[in-house]
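The values are calculated or read from the model by the stated rules, or taken from the named source; none is laboratory data. Only a predicted model underlies this, so the values are computations on that prediction, with no experimental measurement involved. Backbone-built Cβ (ideal geometry, glycine too); neighbour counts: all protein chains shown. We work out accessible area using only protein heavy atoms, side chains counted, and drop any ligands, DNA or RNA first. Shrake-Rupley method; radii C 1.70, N 1.55, O 1.52, S 1.80 Å.
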Amino acid sequence: MLDKIQAVFSLQAAGGRIKKKIFLAACITLLLAMVILLSSCQKPRTPSEELIAAMKKTSDAETFAASATFSFKLESQTEDPKDQAINEILSNITLHLLQKCDQKDLRYQLDLNLIYKGQNSGSLILYADLEKITLQSPFLSPRPFVFNWEDLPALTSQYLYGTQIHITDYFPLIFDEGLTTFKQIREAAYHAYANFWAERVEVNPKKAHITLAEVEGEKTYPCTEYILNLNYDETLQNDYIEFSVAILENETIRSLLKEKITGFVEIAKNNGDLVTWPWTEEEIMDFVANVEPNLDLLVEFFTDAYPTTAPSIPDNQMKTDYRISVDESGLIRAMVINQTISLPGEENTSPNPVMNTALEMQWYNFGEQPAFLEFHPANAFDAGKASEEEWAAVIEEVKINSLGQLFINPLFQEIMRLSNMGN
């Protein structure tokens, strides 16, 4: 009898466990069904929304490198040998730019190279952080020029009629924690872009494959290519005006402007800058109080000074091919802009000169620490602390060095040959 009772209770317990498992499975199934149902009800993102999301993600990257190549070519049917020589020179010039950015430690570097017929005809490196800015170019001097921000108050006081600016005191206000101010400004711009790009972005059905030379070697990224319509028509100018007005009317922009100016005044009072400025505290604060009315006047200028419809331009006078490639992770990897402009020519001449410009940009090394210019203070010219005698000596050095560089520069030699043609 006891065995039968135990068997009954065992069956009841087993049945309870089975019911619990069935109930749990039913709950999970219901949750999955709700997720699928809700996700299917969500509105799919448009191409312009996808592109703006990629702009956000790319601009928020802490470290990255970006390179750009700019070239232009002038096509003109002319029998003048000098004009032909000018066209040839212009068509063989290319600008290469490389920027390295560390938004966490606030360091930035820009490398600029002027290429003529495949030869480097001029270079410049600009580096900046929260302590200094340096400039280096073979056209100036073998040594870099450096300026420490801490030297700015003395120089501004000397050359700006006693005006004093301790710029490093204002850096925390501009470059606040997490670059919040810049992110808020960009977010306001994205809202304006949403309307501007709404009807001007489409997706290329073919995938683009972008190959980049990164730290770990070459890597190819399959990308979605977005085609942006910026051809000049009767609506483009009005869209630009609406974009500018949206920025000026944005409440975040207006609040930030008032907040930052007020913060600048407070800092200037505490470090002694304000008493040297040509404006009083009352005048600056009065400007802050009238920021919105003044911006409203600027909005009226934009809307009244330009017609809502632009004069039509024949399709063959200006064409723009604008494409942005976004990888599968949502980062922008490449941008290409090709523009053709038919220039006004002389009367009774055909065809008109045509200007072709091309800009190609690539983004890479996201998350990698950039290799910035190595700086050795002992080998640099300290522009902020140099005496008048040192400045006079370095100016002579720059003149001699620049002249020597020009005589071995292939682009300058072509320009000299062109000037001799005129003689």
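Looking at segment 81-221, the pairs of alpha carbons with a distance over 18 Å make up 78% of the total.
Which of the pairs Lys100/Lys258; Lys269/Lys385; Lys56/Lys258 have their Cα atoms more than 29 Å apart in this structure? Over 29 Å Cα-Cα: Lys100/Lys258. Counting heavy atoms of the protein chains alone, Leu343 has an accessible area of about 60 Å² for a 1.4 Å probe. Could you tell me the center-to-center distance, by alpha carbons, between segment 239-273 and segment 367-423 in angstrom? Each part reduced to its Cα centre gives a spacing of 38 Å. Each peptide in 288-299, 141-152 receives the mean, over its residues, of other Cβ atoms within 10 Å, and ordering these scores from highest gives 141-152, 288-299.
Give the cross-link partners of Lys183 among the aspartates and glutamates, using a straight C-alpha distance below 14 Å as the criterion and excluding same-chain residues fewer than 8 apart. Filter leaves Asp60, Glu62.
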